[in-house]
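Have a look at the structure below before the remarks.
The values are calculated or read from the model by the stated rules, or taken from the named source; none is laboratory data. For clarity, every value in this text was computed on a predicted model and none was experimentally measured. The area values use the complete protein model at the heavy-atom level, side chains included, leaving out ligands, DNA and RNA. Shrake-Rupley method; radii C 1.70, N 1.55, O 1.52, S 1.80 Å.
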Amino acid sequence: MRKIFLLVVLLCNAVSYSQDVLEVIAKETCQCLETKKAKEPNLSAADFKTEVGVCMIKSYTDHMSEFKPSEKVDFADEEGMGKLGENVAMKMLQVCPNMIIELGRGTIDEGKEAKKEDSFLLGEVIDVKWEQFVTLQLKDQTGRNYNFLLLDSFDTAPLLTNNEIKKKDKLKVSYTEIELFDSKTKEFRYFKILTKIEKQ
């Protein structure tokens, strides 16, 4: 019985310990963002989102040794980094809720702008890659190659998901550009996201 009690105490301390580290990272992230905002008050929504990631990763790197081995996250682990970000963001709501609200508002505004500014491209299919995400590779009339990711559902998406698109097919694709974290290069960059596919 005493062993069980000691085990429970140890587990509670471990959870508390991890939560304390998350609180420290949340506070440092908030302070980092406040400093950035003071220097550049007119940061765009995209730049602000990037700064959130930069500040959070810097603080996590500084305190990585304070995490248990099983809780440490590799920077290449996209899912793990996402969960860490969510946990820190929850703590940030208590420290600097205005920053989280601004981040959410910026994401909504970006989504509205993206819908208004969808671009399109005419090209020939080079390949379709089936990996974690489906990637459509096109070559335009000048011979330039483009990669488009299928992330959202839309009316003509089945053309791609049902294997109705073949190499050499002529397509008109509409797309929007979204900034995402690239786990390979370990930095944020813009990706072309498909919103419509039309066979020509």
Rounded to the nearest 10 Å², the accessible area of LEU93 at probe 1.4 Å:
80 Å²
GLU187 to LYS27: extension gain in nm, 0.36 nm per residue of separation minus the Cα-Cα distance?
55.3 nm
To one decimal place, what orientation-averaged projected area in nm² is obtained for the convex hull of the Cα set of segment 120-195?
5.1 nm²
Students often forget the sequence filter, so: which aspartates and glutamates lie under 20 Å Cα-Cα from LYS167 once same-chain residues fewer than 8 apart are removed?
GLU124, ASP127, GLU131, ASP140, GLU198
With every atom except the alpha carbons ignored, what do you get for Rg and Dmax of segment 48-105, in angstroms?
11.8, 35
Contour excess over end-to-end distance, with Cα ends at ASP169 and GLN94 and 0.36 nm allotted per residue:
21.7 nm
What length, rounded to one decimal in nm, is gained on full extension from ASP74 through to ILE178, with 0.36 nm per residue of separation minus their alpha-carbon distance?
35.1 nm
